[in-house]
Amino acid sequence: EAEAKRLRATEGLDVELIRNNEVIHITIAASRLFAPNETTLLHSSDAILRSILPCMRTPDYYHILLIMHSDNTGNESYNYALTTDRVSAVYDWFEQNGGCVEYVVPYAAGSYEPVAANNTINGRAKNRRLEIYLIPAEAMFKK
């Protein structure tokens with residue numbers, strides 16, 4: 001709960017506790033990380049991603065799942081390629097900035113898991129997102 005509270009202080013992160021308050025689920029709007037249809041991280045994304053780095057300092061403290069989503073406005077192969085390149089960019093950023101990525105799994109979801117209808121601008125914006133799951137691991141249990 002303390003880690004979730006620290007993360008909630010970062011603008012741009014939507015943080016919730018799930019699975020009996022054991023797993024931290026973070027959602028970041030893709031527009032906070034990338035320009036439309038781009039796969040290069042915005043300079044402003046640095047502050048958002050940097051707030052997650054402390055969770056990656058101790059190997060095997062968390063197992064981390066990165067899931068990049070898109071809306072359904074492009075064709076299936078385009079959306080999959082876009083989310084693949086975007087989640088790779090986030091993974092690479094963590095690795096280049098000192099995050100232990102040994103326990104990080106990047107996953108491109110394309111447009112397959114919408115959280116809103118894709119028939120409105122707001123719905124499509126909600127669907128373009130990065131989800132990060134911080135799952136307690138061995139080093140945390142030993143502590």
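Candidates in region 1-17 are the residues that are loosely packed, with under 11 Cβ neighbours inside 10 Å and in contact with a strand residue (DSSP E or B) (Cβ under 9 Å, 6 or more places away or on another chain); of these, the one that is modelled with the highest pLDDT is Lys5. Ala137 passes every criterion in (1) at pLDDT 95 or above; (2) out of contact with any helix residue (DSSP H, G or I) (no Cβ under 9 Å at 6 or more places or on another chain); (3) open to solvent by less than 50 Å² (accessible area, probe 1.4 Å) apart from (1). Looking only at residues in region 41-53 that are in contact with a strand residue (DSSP E or B) (Cβ under 8 Å, 6 or more places away or on another chain) and part of a loop (DSSP other than H, G, I, E, B), the one that is nearest to Asp14 (Cα to Cα) is Ile52.
The rows are residues; the columns are (1) assigned to a helix (DSSP H, G or I); (2) touching a Gly at 6+ places or on another chain (Cβ under 6 Å); (3) closer than 16 Å to Thr40 by Cα.
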{"site": "Cys55", "(1), (2), (3)": "yes, no, no"}
{"site": "His63", "(1), (2), (3)": "no, no, no"}
{"site": "Met68", "(1), (2), (3)": "no, no, yes"}
{"site": "Thr83", "(1), (2), (3)": "yes, yes, yes"}
{"site": "Ser88", "(1), (2), (3)": "yes, no, yes"}
{"site": "Gly99", "(1), (2), (3)": "no, no, no"}
{"site": "Ala116", "(1), (2), (3)": "no, yes, no"}
{"site": "Asn119", "(1), (2), (3)": "no, no, no"}
{"site": "Ala125", "(1), (2), (3)": "yes, no, no"}
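Please find, within region 101-114, the residue that is most open to solvent (accessible area, probe 1.4 Å) out of those that are in a loop (DSSP other than H, G, I, E, B) and of a type outside the set (Phe, Trp, Tyr). That would be Glu102.
Go through region 60-96 and give me each residue that's open to solvent by 70 Å² or more (accessible area, probe 1.4 Å) and not hydroxyl-bearing (Ser, Thr, Tyr). The answer is His63, Asn72, Asn75, Glu76, Asp85, Glu95, Gln96. Glu38 fulfils the conditions (1) outside any loop (DSSP other than H, G, I, E, B); (2) out of contact with any Ser or Thr (no Cβ under 6 Å at 6 or more places or on another chain) except for a single criterion, (1).
The values are calculated or read from the model by the stated rules, or taken from the named source; none is laboratory data. Everything numeric in this text was worked out from a predicted model, so none of it was measured. In this analysis, Cβ positions are derived from the backbone assuming ideal geometry, glycine residues included, and neighbour counts consider all displayed protein chains. Quick note on the areas: whole protein, heavy atoms, side chains included, nothing else; ligands and nucleic acids left out. Shrake-Rupley method; radii C 1.70, N 1.55, O 1.52, S 1.80 Å.
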